[in-house]
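Okay, so here's the structure we're looking at.
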Amino acid sequence: MAADPCRLYLITPPRIELRSFTALFTKALDGGDVACVQLRLKDVSDDEVKRAAAALLPIAREREVAFLINDRPDLAAATNADGVHVGQEDASYAEARRLLGPDRMVGVTCHDSRHLAMEAAEAGADYVAFGAFFPTGTKEPKSHAGPDILEWWSDLFVIPSVAIGGITPQNCGDLVRAGADFLAVVSAVWDHPAGPAAAVQAFNKAIDAARR
(Lines give C-alpha, C1' and ligand atoms only; values in the text may rest on other atoms or scores of the structure.)
Protein backbone atom coordinates (compact mmCIF):
# COMPACT_ATOMS: atom_id res chain seq x y z
CA MET A 1 0.00 0.00 0.00
CA ALA A 2 1.21 3.51 -0.75
CA ALA A 3 2.54 5.46 2.23
CA ASP A 4 0.56 8.53 1.18
CA PRO A 5 -3.14 8.51 0.33
CA CYS A 6 -4.14 7.65 -3.21
CA ARG A 7 -5.70 10.68 -4.89
CA LEU A 8 -7.81 11.49 -7.92
CA TYR A 9 -6.32 12.64 -11.24
CA LEU A 10 -9.02 14.01 -13.55
CA ILE A 11 -8.69 14.00 -17.34
CA THR A 12 -10.99 16.14 -19.44
CA PRO A 13 -13.14 14.67 -22.21
CA PRO A 14 -11.51 14.85 -25.66
CA ARG A 15 -14.08 17.41 -26.87
CA ILE A 16 -15.81 20.05 -24.76
CA GLU A 17 -18.16 22.98 -25.13
CA LEU A 18 -16.13 25.42 -23.07
CA ARG A 19 -18.86 27.47 -21.44
CA SER A 20 -20.91 24.54 -20.18
CA PHE A 21 -17.84 22.48 -19.33
CA THR A 22 -16.37 25.25 -17.20
CA ALA A 23 -19.37 24.94 -14.88
CA LEU A 24 -19.02 21.14 -14.75
CA PHE A 25 -15.30 21.47 -14.14
CA THR A 26 -15.87 23.79 -11.19
CA LYS A 27 -18.44 21.40 -9.71
CA ALA A 28 -16.05 18.46 -10.08
CA LEU A 29 -13.22 20.22 -8.27
CA ASP A 30 -15.61 21.32 -5.53
CA GLY A 31 -16.91 17.78 -5.12
CA GLY A 32 -13.97 16.53 -3.07
CA ASP A 33 -10.24 15.92 -3.11
CA VAL A 34 -8.66 16.17 -6.56
CA ALA A 35 -4.89 16.26 -6.95
CA CYS A 36 -4.48 17.00 -10.63
CA VAL A 37 -6.31 17.78 -13.86
CA GLN A 38 -5.06 16.98 -17.34
CA LEU A 39 -6.46 18.97 -20.26
CA ARG A 40 -6.67 16.36 -23.01
CA LEU A 41 -8.46 17.75 -26.04
CA LYS A 42 -8.24 15.84 -29.31
CA ASP A 43 -8.53 17.05 -32.91
CA VAL A 44 -8.77 20.71 -31.93
CA SER A 45 -6.62 23.71 -32.80
CA ASP A 46 -3.86 25.06 -30.61
CA ASP A 47 -5.97 28.16 -30.05
CA GLU A 48 -8.80 26.03 -28.68
CA VAL A 49 -6.42 24.39 -26.22
CA LYS A 50 -5.15 27.80 -25.17
CA ARG A 51 -8.67 29.13 -24.69
CA ALA A 52 -9.64 26.12 -22.62
CA ALA A 53 -6.52 26.46 -20.49
CA ALA A 54 -7.17 30.17 -19.97
CA ALA A 55 -10.66 29.37 -18.66
CA LEU A 56 -9.90 26.25 -16.61
CA LEU A 57 -6.42 26.80 -15.20
CA PRO A 58 -7.43 29.66 -12.84
CA ILE A 59 -10.23 27.49 -11.43
CA ALA A 60 -7.72 24.73 -10.70
CA ARG A 61 -5.18 27.14 -9.23
CA GLU A 62 -7.75 28.62 -6.85
CA ARG A 63 -8.27 25.12 -5.49
CA GLU A 64 -4.57 24.17 -5.44
CA VAL A 65 -5.10 21.50 -8.09
CA ALA A 66 -2.21 20.90 -10.50
CA PHE A 67 -3.10 21.60 -14.13
CA LEU A 68 -1.36 19.67 -16.92
CA ILE A 69 -1.60 19.71 -20.70
CA ASN A 70 -1.63 16.43 -22.61
CA ASP A 71 0.97 15.64 -25.29
CA ARG A 72 2.18 19.19 -25.94
CA PRO A 73 4.96 20.64 -23.79
CA ASP A 74 5.03 23.70 -26.05
CA LEU A 75 1.40 24.46 -25.21
CA ALA A 76 2.04 23.71 -21.54
CA ALA A 77 4.78 26.34 -21.60
CA ALA A 78 2.65 28.81 -23.59
CA THR A 79 -0.31 28.52 -21.19
CA ASN A 80 1.80 28.54 -18.02
CA ALA A 81 0.38 25.16 -17.04
CA ASP A 82 1.88 23.28 -14.13
CA GLY A 83 3.23 20.61 -16.44
CA VAL A 84 2.64 18.16 -19.23
CA HIS A 85 1.81 14.50 -19.72
CA VAL A 86 3.57 12.80 -22.63
CA GLY A 87 2.90 9.44 -24.23
CA GLN A 88 5.42 7.18 -25.88
CA GLU A 89 4.54 8.61 -29.31
CA ASP A 90 4.42 12.25 -28.22
CA ALA A 91 7.25 14.65 -27.44
CA SER A 92 10.10 12.96 -25.60
CA TYR A 93 10.64 13.41 -21.89
CA ALA A 94 13.89 15.25 -22.68
CA GLU A 95 12.12 17.69 -25.00
CA ALA A 96 9.36 18.28 -22.46
CA ARG A 97 11.88 18.96 -19.71
CA ARG A 98 13.84 21.30 -21.95
CA LEU A 99 10.74 23.35 -22.70
CA LEU A 100 9.31 23.37 -19.18
CA GLY A 101 12.44 23.59 -17.07
CA PRO A 102 13.20 21.79 -13.81
CA ASP A 103 10.31 23.03 -11.71
CA ARG A 104 7.25 21.99 -13.70
CA MET A 105 5.80 18.51 -13.84
CA VAL A 106 6.45 15.97 -16.59
CA GLY A 107 4.59 12.67 -16.44
CA VAL A 108 5.13 9.77 -18.83
CA THR A 109 2.88 7.01 -20.14
CA CYS A 110 4.53 3.63 -19.63
CA HIS A 111 1.67 1.30 -20.62
CA ASP A 112 2.34 -2.08 -18.95
CA SER A 113 6.14 -1.85 -19.31
CA ARG A 114 8.45 -2.02 -16.32
CA HIS A 115 11.33 -1.17 -18.62
CA LEU A 116 9.71 2.03 -19.90
CA ALA A 117 8.82 3.04 -16.34
CA MET A 118 12.37 2.56 -15.11
CA GLU A 119 13.71 4.54 -18.07
CA ALA A 120 11.30 7.39 -17.34
CA ALA A 121 12.20 7.39 -13.67
CA GLU A 122 15.91 7.40 -14.41
CA ALA A 123 15.42 10.33 -16.80
CA GLY A 124 13.69 12.33 -14.07
CA ALA A 125 9.95 11.93 -14.71
CA ASP A 126 7.70 13.23 -11.95
CA TYR A 127 5.36 10.27 -12.30
CA VAL A 128 4.82 7.18 -14.44
CA ALA A 129 1.41 6.09 -15.74
CA PHE A 130 0.38 2.46 -16.15
CA GLY A 131 -2.68 0.99 -17.90
CA ALA A 132 -5.16 0.21 -19.12
CA PHE A 133 -6.40 -1.69 -16.08
CA PHE A 134 -9.99 -2.18 -17.25
CA PRO A 135 -11.88 -1.94 -20.54
CA THR A 136 -12.41 1.66 -21.55
CA GLY A 137 -14.39 3.40 -24.23
CA THR A 138 -12.39 6.61 -24.02
CA LYS A 139 -9.74 5.37 -26.42
CA GLU A 140 -8.37 2.06 -27.68
CA PRO A 141 -5.76 1.00 -25.12
CA LYS A 142 -2.33 0.00 -26.39
CA SER A 143 -1.75 -2.29 -23.43
CA HIS A 144 -3.45 -3.98 -20.52
CA ALA A 145 -1.94 -3.86 -17.03
CA GLY A 146 -2.69 -5.65 -13.78
CA PRO A 147 -2.37 -4.55 -10.15
CA ASP A 148 0.91 -6.46 -9.85
CA ILE A 149 2.78 -3.73 -11.74
CA LEU A 150 1.59 -1.19 -9.17
CA GLU A 151 2.68 -3.44 -6.32
CA TRP A 152 6.11 -3.91 -7.89
CA TRP A 153 6.53 -0.19 -8.50
CA SER A 154 5.44 0.93 -5.05
CA ASP A 155 7.76 -1.61 -3.40
CA LEU A 156 10.85 -0.41 -5.28
CA PHE A 157 10.41 3.25 -6.28
CA VAL A 158 9.41 6.53 -4.66
CA ILE A 159 8.31 8.24 -7.89
CA PRO A 160 4.49 8.22 -7.93
CA SER A 161 2.46 5.92 -10.15
CA VAL A 162 -0.75 6.78 -11.95
CA ALA A 163 -3.27 4.06 -12.82
CA ILE A 164 -5.47 4.69 -15.86
CA GLY A 165 -8.03 2.90 -17.98
CA GLY A 166 -11.68 2.17 -17.22
CA ILE A 167 -11.39 2.99 -13.52
CA THR A 168 -14.62 3.49 -11.56
CA PRO A 169 -15.52 3.83 -7.89
CA GLN A 170 -16.66 0.22 -8.03
CA ASN A 171 -13.40 -1.30 -9.36
CA CYS A 172 -10.69 1.01 -8.02
CA GLY A 173 -10.16 -0.70 -4.68
CA ASP A 174 -7.64 -3.28 -5.90
CA LEU A 175 -5.55 -0.54 -7.53
CA VAL A 176 -5.52 1.53 -4.36
CA ARG A 177 -4.50 -1.48 -2.29
CA ALA A 178 -1.82 -2.37 -4.85
CA GLY A 179 -0.14 1.00 -4.29
CA ALA A 180 -1.41 3.38 -6.98
CA ASP A 181 -0.65 6.94 -5.95
CA PHE A 182 -3.21 8.44 -8.34
CA LEU A 183 -6.27 7.20 -10.21
CA ALA A 184 -6.69 8.85 -13.61
CA VAL A 185 -10.32 8.98 -14.64
CA VAL A 186 -12.35 10.40 -17.52
CA SER A 187 -15.86 9.09 -18.30
CA ALA A 188 -16.50 7.76 -14.79
CA VAL A 189 -16.55 11.38 -13.65
CA TRP A 190 -17.88 13.38 -16.59
CA ASP A 191 -20.57 10.85 -17.56
CA HIS A 192 -21.72 10.06 -14.03
CA PRO A 193 -25.54 10.09 -13.96
CA ALA A 194 -25.58 12.29 -10.84
CA GLY A 195 -22.94 14.68 -12.17
CA PRO A 196 -19.19 15.13 -11.73
CA ALA A 197 -19.34 16.34 -8.12
CA ALA A 198 -21.15 13.15 -7.09
CA ALA A 199 -18.57 11.11 -9.01
CA VAL A 200 -15.65 12.78 -7.23
CA GLN A 201 -17.36 12.16 -3.91
CA ALA A 202 -17.88 8.50 -4.82
CA PHE A 203 -14.24 8.07 -5.82
CA ASN A 204 -12.96 9.62 -2.62
CA LYS A 205 -15.27 7.43 -0.57
CA ALA A 206 -14.07 4.31 -2.45
CA ILE A 207 -10.41 5.29 -2.02
CA ASP A 208 -10.89 5.80 1.73
CA ALA A 209 -12.68 2.47 2.03
CA ALA A 210 -9.89 0.62 0.18
CA ARG A 211 -7.25 2.03 2.49
CA ARG A 212 -8.99 1.01 5.70
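The values are calculated or read from the model by the stated rules, or taken from the named source; none is laboratory data. From a predicted model like this one, the values you see are computed outputs, not experimental measurements. Cβ sites come from the backbone with ideal geometry, for glycine too, and all protein chains shown count toward neighbours.
Among the residues of the range 142-163, write down those that are assigned to a loop (DSSP other than H, G, I, E, B) and more than 22 Å from residue 87 (Cβ to Cβ).
So in the range 142-163, the residues assigned to a loop (DSSP other than H, G, I, E, B) come out as 142-146, 157-160.
Once the filter is applied, which keeps residues that are assigned to a loop (DSSP other than H, G, I, E, B) and more than 22 Å from residue 87 (Cβ to Cβ), the range 142-163 yields only 158.
Just give me the residues in the range 105-115 being within 21 Å of residue 66 (Cα to Cα) and either assigned to a strand (DSSP E or B) or touching a Pro at 6+ places or on another chain (Cβ under 9 Å) (or both), in sequence order.
105, 106, 107, 108, 109
What's the number of the only condition in (1) among the β-branched types (Val, Ile, Thr); (2) over 25 Å from residue 26 (Cα atoms); (3) buried (at least 22 other Cβ atoms within 10 Å of the Cβ) that residue 207 fails to meet?
Among (1) among the β-branched types (Val, Ile, Thr); (2) over 25 Å from residue 26 (Cα atoms); (3) buried (at least 22 other Cβ atoms within 10 Å of the Cβ), residue 207 violates only (2).
Does residue 143 satisfy the condition of being at pLDDT below 95 and in contact with a strand residue (DSSP E or B) (Cβ under 9 Å, 6 or more places away or on another chain)?
The answer is yes for residue 143.
Looking at residue 117, is it out of contact with any Phe, Trp or Tyr (no Cβ under 6 Å at 6 or more places or on another chain), small (Gly, Ala, Ser) and surrounded by 15 or more Cβ atoms within 10 Å (Cβ to Cβ)?
yes
Take residue 133 and decide whether it is of a type outside the set (Lys, Arg), in contact (Cβ under 8 Å) with a residue 40 or more places away in the chain, part of a helix (DSSP H, G or I) and in contact with a strand residue (DSSP E or B) (Cβ under 6 Å, 6 or more places away or on another chain).
It is false that residue 133 is of a type outside the set (Lys, Arg), in contact (Cβ under 8 Å) with a residue 40 or more places away in the chain, part of a helix (DSSP H, G or I) and in contact with a strand residue (DSSP E or B) (Cβ under 6 Å, 6 or more places away or on another chain).
Starting from residues that are of a type in the set (Val, Ile, Thr) and not in a helix (DSSP H, G or I), keep the ones in the range 164-203 and report whichever is farthest from residue 38 (Cα to Cα). Outline the logic, then answer.
At the first step, the residues of the range 164-203 found to be of a type in the set (Val, Ile, Thr) are 164, 167-168, 176, 185-186, 189, 200.
If we keep only those that are not in a helix (DSSP H, G or I) too, we end up with 164, 167-168, 185-186.
Details: 164: 12, 167: 16, 168: 18, 185: 10, 186: 10 Å.
Per the stated criteria, the residue is 168.
Looking only at the range 185-202, which residues are surrounded by fewer than 24 Cβ atoms within 10 Å (Cβ to Cβ), under 22 Å from residue 4 (Cβ atoms) and in contact (Cβ under 8 Å) with a residue 40 or more places away in the chain?
Of everything in the range 185-202, just one residue is surrounded by fewer than 24 Cβ atoms within 10 Å (Cβ to Cβ), under 22 Å from residue 4 (Cβ atoms) and in contact (Cβ under 8 Å) with a residue 40 or more places away in the chain, namely 201.
Could you name every one of the strands (runs of 3 or more DSSP E) located completely within the range 1-82 that has at least 1 residues being over 27 Å from residue 156 (Cα atoms) and free of Cβ contacts under 8 Å to residues at least 40 places away in the same chain?
Details: elements: 7-11, 36-39, 66-70.
In the range 1-82, the matching strands (runs of 3 or more DSSP E) lie at 66-70.
Suppose we filter 81, 28, 55, 23 for residues that are out of contact with any helix residue (DSSP H, G or I) (no Cβ under 9 Å at 6 or more places or on another chain) and modelled with pLDDT of 95 or more; which single one remains?
Values: 81 fails: out of contact with any helix residue (DSSP H, G or I) (no Cβ under 9 Å at 6 or more places or on another chain); 28 fails: out of contact with any helix residue (DSSP H, G or I) (no Cβ under 9 Å at 6 or more places or on another chain); 55 fails: out of contact with any helix residue (DSSP H, G or I) (no Cβ under 9 Å at 6 or more places or on another chain).
None of the other options fit; the residue is 23.
Among the residues of the range 174-184 satisfying the criterion of being in contact with a Pro (Cβ under 7 Å, 6 or more places away or on another chain) and under 13 Å from residue 149 (Cα atoms), which is surrounded by the fewest Cβ atoms within 10 Å (Cβ to Cβ)? First the steps, then the outcome.
Start the filter on the range 174-184 by keeping residues that are in contact with a Pro (Cβ under 7 Å, 6 or more places away or on another chain), which leaves 174-175, 178, 181-182.
Restricting the remaining residues to those that are under 13 Å from residue 149 (Cα atoms) gives 174-175, 178, 181.
Working: 174: 14, 175: 27, 178: 23, 181: 24.
For the range 174-184, the residue satisfying everything is 174.
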